[in-house]
Amino acid sequence: MSSRLTGSELALSVLDELYSTASKGSERELVKRILDLVDLTMSERPASMATINVLRQIGLYILEHGYSGVDKYILELKEKYQAILERAVEVMSRRIASGEVLLSNSNSLAVRKLLAHLAKQGKSVKLYVTESRPGDEGLLLAEYAEGLGFDVYLIVDSATRFFMKSIDKVVVGAEAVASNGAVVSKIGTSLIALVAKEARKRVFVIAPTAKFSPETLHGELLKLPEHDWKLLVSSEEAMRLPENYNARVPLYDVTPPEYIDAVATEYGLFAPQALPLVLSLVEKSGFTIIRPLEDVVSGLKKLIGV
Amino acid sequence: MTNYPQRVIEIANGIREMRIRGAGKIARAATEALKIAALEYTGEGDLVAFKKYMVNIGELLVSTRPTAVSLPNAIVYVLSSLRGVTSFREAKEAVVKRAERFISESEEATRRISQIGARRVRENSVILTHCHSTAAVGVITEAFKQGKVVKVYSTETRPAYQGRITFAHLAKSGVPVTQIPDSAVRYVINEVDYVIVGADTVASNGAVVNKIGTSQVALAAKEARTRVYVAAESYKFSPLTLVGELVTIEYRSPEEVVPREWLEKHPRVKVLNPVFDVTPPEYIDAIITEHGVIPPQAAVLILIEKLGWALDFLGYSEGRLDLNRIVSL
């Protein structure tokens, strides 16, 4: 499971994979694959809420409706995910005026879609991108924005505060949104948000409600994966490292809701703290039905007798 | 230039070509050059002629690295010994004595900072440092030897990875050190008791100019109520800022951040690579100098203590250093 895929990309790739399994294989095969993906996600991307929610939804469908029609359901779920992402991006794009200077990090699919949207609307923006170690995904975002014809400034993560005064808005994607409105995103996002707050710059998160973590409503903590030093260096660089080199390399961090001005969702722009309320009012999302993942997993296991 | 001693020229070139590096080493080398210049002076035995000669040597040395604050500080410190002398013999002796004093004091400074700084660290402490600073590593190592340090986080410090040098120095002394990417500072800061960093320049209002990223490390520390200490020798304090001069922040080559091939493939992406940033004094709990621990806002005390001449502005003509006034010519 690649750590380079963004939260949305991962969910979409899981949907694609399960669709092809569902349209070719047996119920047993599909259920086994779902269970494998749950394990894989929980160990490598435990905060990737979009993927976890997608797996939960498909599992629930099978438990409630059986195998027939599941391929169609998966396809619908994918279309729905793309549609809500698009709507969230559209909501965000209305908040951005031509000529504004934005800052983002990593290589969020939502942020890329936002830039494409702005380009289509003929809004010209300038974009600062942090290189976003570890992984340097910022270079990919810079490349994408350059392709759209925007002026792009690439900076090291440490230079965020140096340039914050020249920036109008910070816009980032999310891996998950917790019930208190805290946002899990690429490591360094919380520092960017803090720096933005200090400079009184607005911070926006684009997150369709499929990123919301229903588990956190029940007090569950989101788990954040960490890597070791190997993620920091290429193999030739590794030769030149000091002896006994060791490092702690977290991949995500938590931005507290008070540093976020608004979350752009498919239902509109909300204070992060308002999201659970919004979701309880508009339960139709399909991603919000609260059924613990373990229930779904044990139901599926019983179904195929493992 | 022809009648300047050869070794003086060599030192000047060494600083200019960055063979002599690091604030302390630059300052000591320049001071050594002044001492040699005085000892090997072959001109007429006249006080005014000697002063003019020393001013010229001083100007040559200052011009080698215009942005390194330790350099003019060392030169002014040595040349101000020429104020109030009455004879040529007395003048020559004053320069040599002052130069020797600067060299021994500055070597002693880092050691004293280690000791003073280590006293500020409580038992079972976790420390975070950014970039590589001899003074900060000195404090951390001394505190570790006293059994007070359980863990040190060292940031990678992009783009040049000076954190790896810090890692190597600390690991060599047995300090348990863990590297983190610069983006992970806020993630770990709740575990950290003290941020200890060095300084490139300390401005007269107590703002600290240091490696890019220092100011956001300090901000994250402030948010978490983690103490921030800056370890800085007194020759890092900038008298020019007292007369309103701004510290200029150099931008270095984009190729330090991404490879040349990447730049060529992406002509519309501008890579901005500032070397330093400014940490405001309100994010710094104390500056540890060889003269003691001071609140950053009292930086001016160090300027008075060390460079009292600066305060009468005599050495500055329109905000620029004027060595003629320093030696009262």
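Residues in the range B:129-143 that are touching a strand residue (DSSP E or B) at 6+ places or on another chain (Cβ under 8 Å), of a type outside the set (A, V, I, L, M) and more than 11 Å from chain A (Cβ to nearest Cβ): 3 in all.
Mind listing whichever residues of the range B:144-154 are touching a helix residue (DSSP H, G or I) at 6+ places or on another chain (Cβ under 7 Å), outside any loop (DSSP other than H, G, I, E, B) and either surrounded by fewer than 24 Cβ atoms within 10 Å (Cβ to Cβ) or within 10 Å of another protein chain (Cβ to nearest Cβ) (or both)?
Step one: list which residues in the range B:144-154 are touching a helix residue (DSSP H, G or I) at 6+ places or on another chain (Cβ under 7 Å), which gives B:146, B:149, B:152-154.
In the following step, the residues that additionally are outside any loop (DSSP other than H, G, I, E, B) were identified as B:149, B:152-154.
Matches in the range B:144-154: B:Y153, B:S154.
Evaluating A:F150 against the criteria (1) surrounded by fewer than 24 Cβ atoms within 10 Å (Cβ to Cβ); (2) facing chain B (nearest Cβ under 10 Å); (3) under 23 Å from A:L5 (Cα atoms) leaves one unmet condition, (3).
Can you find even one residue in the range A:167-181 that is within 11 Å of another protein chain (Cβ to nearest Cβ) and either in a loop (DSSP other than H, G, I, E, B) or farther than 22 Å from B:V258 by Cβ (or both)? Steps first, answer last, please.
Filtering the range A:167-181 for residues within 11 Å of another protein chain (Cβ to nearest Cβ) gives none.
No, that holds for no residue.
Counting only helices (runs of 4 or more DSSP H) that sit wholly inside the range B:1-100, those with at least 1 residues that are buried (at least 22 other Cβ atoms within 10 Å of the Cβ) and touching a Phe, Trp or Tyr at 6+ places or on another chain (Cβ under 8 Å) are B:23-39, B:47-62, B:70-79. Suppose the filter is free of Cβ contacts under 8 Å to residues at least 24 places away in the same chain, over 18 Å from A:E243 (Cα atoms) and either within 12 Å of chain A (Cβ to nearest Cβ) or buried (at least 22 other Cβ atoms within 10 Å of the Cβ) (or both); does B:S183 pass it? So B:S183 fits the description; yes. Criterion applied to B:T166, B:T157 was being in a loop (DSSP other than H, G, I, E, B), within 11 Å of another protein chain (Cβ to nearest Cβ), in contact with a helix residue (DSSP H, G or I) (Cβ under 7 Å, 6 or more places away or on another chain) and modelled with pLDDT of 95 or more, and the one residue passing it is B:T157.
From the list A:V254, A:V263, the one residue that fits, being within 14 Å of chain B (Cβ to nearest Cβ) and aliphatic (A, V, I, L, M), is A:V254. The residue that is farthest from B:G213 (Cα to Cα), counting only those in the range B:259-284 that are buried (at least 19 other Cβ atoms within 10 Å of the Cβ) and touching a Phe, Trp or Tyr at 6+ places or on another chain (Cβ under 6 Å), is B:N273.
Does B:P239 fit the bill of being facing chain A (nearest Cβ under 9 Å) and touching a Phe, Trp or Tyr at 6+ places or on another chain (Cβ under 9 Å)? So B:P239 fails the test. Name the residue that is surrounded by the most Cβ atoms within 10 Å (Cβ to Cβ), counting only residues in the range A:114-147 that are part of a loop (DSSP other than H, G, I, E, B) and more than 10 Å from chain B (Cβ to nearest Cβ). Among them, the one singled out is A:V125.
The values are calculated or read from the model by the stated rules, or taken from the named source; none is laboratory data. From a predicted model like this one, the values you see are computed outputs, not experimental measurements. No Cβ is skipped: glycine too gets one built from the backbone with ideal geometry, and neighbour counts run over all protein chains shown.
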